[in-house]
1. Given the criteria closer than 30 Å to T183 by Cα and either touching a residue at least 60 places away in the same chain (Cβ under 8 Å) or of a type in the set (V, I, T) (or both), does S29 qualify?
2. Only residues that are surrounded by fewer than 20 Cβ atoms within 10 Å (Cβ to Cβ), at negative phi and not acidic (D, E): list them for the stretch 77-103, please.
3. Quick check, is A186 within 17 Å of T5 (Cα to Cα), in contact (Cβ under 8 Å) with a residue 12 or more places away in the chain and exposed (fewer than 15 other Cβ atoms within 10 Å of the Cβ)?
4. Restricting attention to the stretch 101-112, which residues are in a loop (DSSP other than H, G, I, E, B) and farther than 15 Å from Q54 by Cα?
5. Identify all residues within the stretch 203-235 that are surrounded by 22 or more Cβ atoms within 10 Å (Cβ to Cβ), assigned to a strand (DSSP E or B) and either out of contact with any strand residue (DSSP E or B) (no Cβ under 8 Å at 6 or more places or on another chain) or among the small types (G, A, S) (or both); write none if there are none.
6. Quick check: is even one residue across the stretch 153-160 under 17 Å from the mean Cα position of the chain (by Cα) and among the aliphatic types (A, V, I, L, M)?
7. In the stretch 202-212, which residues are over 12 Å from T27 (Cα atoms) and in contact with a Ser or Thr (Cβ under 9 Å, 6 or more places away or on another chain)?
8. Residue check, V127 against (1) buried (at least 17 other Cβ atoms within 10 Å of the Cβ); (2) in contact with a Lys or Arg (Cβ under 6 Å, 6 or more places away or on another chain), all met but one. Which one?
Amino acid sequence: METKTFTIHRAADRMMSDLGWLKSAHTFSFGRHYDPNRMGYASLRVINDDRVQQGGGFGTHPHDNMEIFSYVLNGALNHRDSMGNEASLKRGDLQLMSAGSGITHSEFNGNPDGETHFLQIWIEPNVLNAEPTYQEAHFSDEDKTGVLRLMLSPDEAEGSLKIRQDARVYASILRDGQSLGFTLPAGRYGWLHVADGEITVDGQLLKAGDAVEFGPTTLGLSSGSFGEFILFDLA
């Protein structure tokens, strides 16, 4: 019989970076922040909650053999990469880079009115040294409100972007007492990250930056006012 897990991880327990132009909260070990007990969860390796100030950004740097996606919550994120892609990502935009055998890219705050707030998330691929690819999609607030909107999957189901891993990633917004359920089947690993607002998960209140890891179960999800979250269904 599988052990049913339900463990809450609070925002205040994340590892923090403050570089002036960047304030980042790290759910898992990243860069100079190392905790052998927080190296990821299943194939989920990085959740960085990044706030980039005007004029700030990440200069050109390399990646390989990682599925890297950026989910913009506010502002604008300007992207350029060695595959020739250039984009200015805004709220609701999702960008997926399958780094494969190797890419370089840069990201800068393109918001003339203030900071840019986005989540950068890494998932380990199930194939190594493949040809790098770039994908982009927009998921409006309306697309996500009151439903679990599939954004990433291995089979491009429901108009999702294709990820090189047996993983499904959903986004949702719940407002004014809306509720829904999610069933994680046997043999799978679940993670829910609250991006903004507040979400009640099986009677437990989670606020922005909080997360819950869970095993095979059915979750009840609701919000009294506003909550935005990302949910991961992982092999």
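Any read-out appearing in this document is the output of simple, stated calculations on the displayed coordinates, not a laboratory observation. Please read these numbers as outputs of a predicted model, since none were measured by experiment. Backbone-built Cβ (ideal geometry, glycine too); neighbour counts: all protein chains shown.
1. Criteria not met by S29.
2. If the condition is that a residue be surrounded by fewer than 20 Cβ atoms within 10 Å (Cβ to Cβ), at negative phi and not acidic (D, E), then N78, R80, S82, M83, N85, A87, S88, K90, R91, S101 are the ones that fit.
3. Yes, satisfied.
4. S101, G102
5. A211, G227
6. Filtering the stretch 153-160 down to residues under 17 Å from the mean Cα position of the chain (by Cα) leaves 153-154, 160.
With among the aliphatic types (A, V, I, L, M) added as a condition, the list becomes none.
Taking every residue of the stretch 153-160 in turn, none turns out to be under 17 Å from the mean Cα position of the chain (by Cα) and among the aliphatic types (A, V, I, L, M).
7. The first filter runs over the stretch 202-212 and keeps only residues over 12 Å from T27 (Cα atoms), leaving 202-208.
Passing the criteria: D202, L206.
8. Tallying (1) buried (at least 17 other Cβ atoms within 10 Å of the Cβ); (2) in contact with a Lys or Arg (Cβ under 6 Å, 6 or more places away or on another chain), V127 fails exactly one: (1).
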